[in-house]
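Taking it in order: structure first as structure tokens, then the write-up.
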Amino acid sequence: MSAPNPGDSRPGGARELLSRATGARVWREHRLVLWLHFLVPPVLAILVEAATLASPGHATLLAVAVFLLAACSARGLMTSLSAAEEARNALNAQLIQSQKLAAVGELSAGIAHEINNPIAIIAQETEWATHLLTEAEKATGGDFSEVRDSLREIRSQVDRCKNITHKLLDFARKREPVLQDVDVTRLVDDMARLVDKEASYKDVTLSRSLPEDLPKLRTDAPLLRQVVLNLMTNALHAVGKGGMISVTAQADEEFMEIRVTDNGHGIPPENLDKIFNPFFTTKPPGQGTGLGLSLCHNLVQGMGGNILVESQVGRGTTFTVRLPRRLSQPA
Amino acid sequence: MDINILLVDDEADFVETMTKRFRIRKLPVTSAGSGAEALKLLDQQDFDVVILDVRMPGMDGLEVLRQIRAKRPLTEVIMLTGHASLDAGMQGMNLGAYDYVLKPADFDELLDKVRRAAERKALNVSAQSRG
Ligand SMILES: Nc1ncnc2c1ncn2[C@@H]1O[C@H](COP(=O)(O)OP(=O)(O)OP(=O)(O)O)[C@@H](O)[C@H]1O
Ligand SMILES: [Mg+2]
């Protein structure tokens, strides 16, 4: 426990779950109960024996007491066992989620890589065909505007494909965080300014109220920008006209939390454990690839933190990004 | 700290004032009037930070960003934009831009961002040389 290793720098994460799941801490915390479990019954049994000889009334009372005591400690034991079981399950789920994300990342990078070249060629050829068309128009004086429209449409769909493959490649890209002292208030404000205009079109208020004495955070600035921008964009998509989005932050000794809250349509409970999955989206095709949150999840995890969601359908949603304030620079 | 800056913008006036202001602070700036020109310069020379206008005639800024990231993964790129397009902003950040700045940019803020971007590049370079 005392040797510093990379895992130790992430309090509240897998290590805590692991120790709970293996039962190590449970055992230590419940040492007393366990001892009582073994020692009290024989001692009381002897007392009951002795009492039986003296008076049957006392003996019954004592027997009932023994029974109750045993029942209580058994219950305590069961509770802690099931808590350990739950923690183990949570850890498993987390592991599966990480493995799934990694697998999907690899797979999609492979596909994106393969598809990128043909897409680039289609784009080039479309460009070339458009050029030839212009020449033909000049030479013959004919009207090819429908062909031109069709080529333009091909071009725009190719661009859409390109966008998706680039998103995929980006999703799979391994990023070692590069740590700098980051002024989070400023970072949030910079990203919010990108959202402001679109927000005002929708008559949406995007407020940021970060405390003035918010300490600097040692983290990866561009990665954090990506996370904040993704969360604000999602919030903007979730609220209707006149909606409200607010970004806040707070820090204690160990963590900084950045919170994006909206009063939009919310997320139904059955979707809550799916939204971080790659490709999960409720948006119409062409408007969402469902990679935003899984990317955020990856990025935040890479920065040693975690991301939490609370939501109520019809009332709104809060995403909380929790980042450790002391992260050692990866060697 | 010496910083090699490449400024890519098609607006000659803007390039001129910016270059002057960086020079005053002893930071030499190379400029390019288009994405293609910028990419050619990047083939010949390593830059620490590229300040890149999003909207230029010819190759659009995001495409230039994409190619810079492929060509010079360690070079940091700060995107400059006159109009806040959320979609372009998302794409830019997702493509690995260091930051995304709205025009008119406050010069001191931009300078600060350039310094931080350069610091990041230096950190990346030293991490790489350590293996
Ligand atoms: N603030 C929010 N309020 C309500 N639902 C949300 C919110 N944020 C995310 N969601 C739900 O989670 C889904 C997944 O979000 P995610 O950002 O991963 O993908 P997307 O926004 O659909 O597409 P992309 O981000 O790739 O453009 C969304 O489609 C939406 O259903
Ligand atoms: Mg999204």
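The values are calculated or read from the model by the stated rules, or taken from the named source; none is laboratory data. Bear in mind the structure is a predicted one, so any value in this text is a computation, not a measurement. Every residue, glycine among them, receives a Cβ derived from its backbone with ideal geometry; neighbour counts consider all protein chains shown. The area values use the complete protein model at the heavy-atom level, side chains included, leaving out ligands, DNA and RNA. Shrake-Rupley method; radii C 1.70, N 1.55, O 1.52, S 1.80 Å.
Table: residues versus (1) modelled with pLDDT under 85; (2) part of a helix (DSSP H, G or I); (3) open to solvent by 50 Å² or more (accessible area, probe 1.4 Å).
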position	(1), (2), (3)
A:Thr52	yes, yes, yes
A:His58	yes, yes, yes
A:Leu69	yes, yes, yes
A:Arg75	no, yes, yes
A:Leu81	no, yes, yes
A:Leu95	yes, yes, yes
A:Val104	yes, yes, no
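Of the residues screened, B:Leu7 is one that is assigned to a strand (DSSP E or B) and either touching a residue at least 12 places away in the same chain (Cβ under 8 Å) or open to solvent by less than 10 Å² (accessible area, probe 1.4 Å) (or both).
Among the conditions (1) open to solvent by 60 Å² or more (accessible area, probe 1.4 Å); (2) within 27 Å of B:Lys103 (Cβ to Cβ); (3) under 22 Å from the mean Cα position of the chain (by Cα); (4) away from ligand 2 (no atom under 16 Å from the Cβ), A:Pro269 misses just one, which is (2).
For the range A:137-152, the set of residues classified as surrounded by 10 or more Cβ atoms within 10 Å (Cβ to Cβ) and either in a loop (DSSP other than H, G, I, E, B) or hydrophobic (A, V, I, L, M, F, W, C) (or both) consists of A:Gly142, A:Phe144, A:Val147, A:Leu151, listed by residue number. Highlighted here are the helices (runs of 4 or more DSSP H) found entirely within the range B:22-103 that include at least 1 residues which are closer than 26 Å to A:Leu295 by Cα and open to solvent by 10 Å² or more (accessible area, probe 1.4 Å): B:61-71, B:86-94. When the range A:153-184 is limited to residues that are open to solvent by less than 40 Å² (accessible area, probe 1.4 Å) and in contact with a Gly (Cβ under 8 Å, 6 or more places away or on another chain), the one that is farthest from the other protein chains (Cβ to nearest Cβ) turns out to be A:Ala172. Among the residues here, A:Val309 does not qualify as of a type outside the set (Asp, Glu), modelled with pLDDT of 95 or more, open to solvent by 50 Å² or more (accessible area, probe 1.4 Å) and within 11 Å of ligand 1 (Cβ to nearest atom).
Taking the range A:272-291 as the range and being more than 6 Å from ligand 1 (Cβ to nearest atom), of a type outside the set (Lys, Arg) and either away from chain B (no Cβ under 14 Å) or open to solvent by less than 30 Å² (accessible area, probe 1.4 Å) (or both) as the test, the residues that pass are A:Leu272, A:Asp273, A:Phe276, A:Asn277, A:Pro278, A:Phe279, A:Pro284, A:Pro285.
With respect to being farther than 30 Å from A:Leu39 by Cβ and not aliphatic (A, V, I, L, M), A:Glu127 fits the description.
Checked against the criterion of being touching a Lys or Arg at 6+ places or on another chain (Cβ under 8 Å), at pLDDT below 95 and within 16 Å of ligand 2 (Cβ to nearest atom), the range A:242-253 contains not a single residue that satisfies it. In this structure, does A:Glu198 turn out to be within 14 Å of chain B (Cβ to nearest Cβ) and open to solvent by less than 80 Å² (accessible area, probe 1.4 Å)? So A:Glu198 passes the test. All conditions but one from (1) within 14 Å of another protein chain (Cβ to nearest Cβ); (2) within 30 Å of A:Ile245 (Cα to Cα) apply to A:Leu101; the one that does not is (1).
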